[in-house]
Amino acid sequence: MLLMRKQRVLSIADFRYVSIHCVHCNSTLILDLEGEIAGRRAYFTPAACSVCGHDFDSALTNLNMLNQVYKKLAAAKNAITFSGEAENEPFES
Ligand SMILES: [Zn+2]
């Protein structure tokens, strides 16, 4: 029996959108990591749901840092990959 190792690898170039699910109204807000922050918004991540107005979990404000890092890495994004935990699958031959 052989053991094959399957690993998910994603490039940072594959990431562009971040989705935030509102647990109060079941809506999904999609934010563009490459987009510019416009209008009255001062930060990438809104503090509250734009549909129902409930505040998002304060932990989501960390997405503001993700957006800053994403933009700083933009020039090198084709050189960066992320991988998940390796999965071992038995392989019958
Ligand atoms: Zn909502």
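The values are calculated or read from the model by the stated rules, or taken from the named source; none is laboratory data. Because the structure is a prediction, the values reported are computed rather than measured. Every residue, glycine as well, gets a Cβ built from its backbone with ideal geometry; the counts of neighbours run over all protein chains shown.
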Margin query: One residue is enough: does region 66-76 have a residue meeting the conditions loosely packed, with under 11 Cβ neighbours inside 10 Å and within 15 Å of Val23 (Cβ to Cβ)?
Written below: no
Checklist line | All positions within region 2-33 that are under 27 Å from Leu73 (Cβ atoms) and at pLDDT 90 or above | finding: Arg16, Tyr17, Val18, Ser19, Ile20, His21, Thr28, Leu29, Ile30, Leu31, Asp32, Leu33
Next item on the list: Tell me, yes or no, whether region 60-68 has at least one residue that is without any contact (Cβ under 8 Å) to a residue 40 or more places away in the chain and either within 16 Å of the ligand (Cβ to nearest atom) or in contact with a helix residue (DSSP H, G or I) (Cβ under 8 Å, 6 or more places away or on another chain) (or both).
Entry: no
Margin query: Quick check on my filter: what residues within region 1-57 are touching a Lys or Arg at 6+ places or on another chain (Cβ under 9 Å) and touching a residue at least 60 places away in the same chain (Cβ under 8 Å)?
Written below: Ser11, Ile12, Ala13
Checklist line | Residue list for region 58-87, restricted to those being in contact with a Lys or Arg (Cβ under 6 Å, 6 or more places away or on another chain) and of a type in the set (Asp, Glu) | finding: Glu87
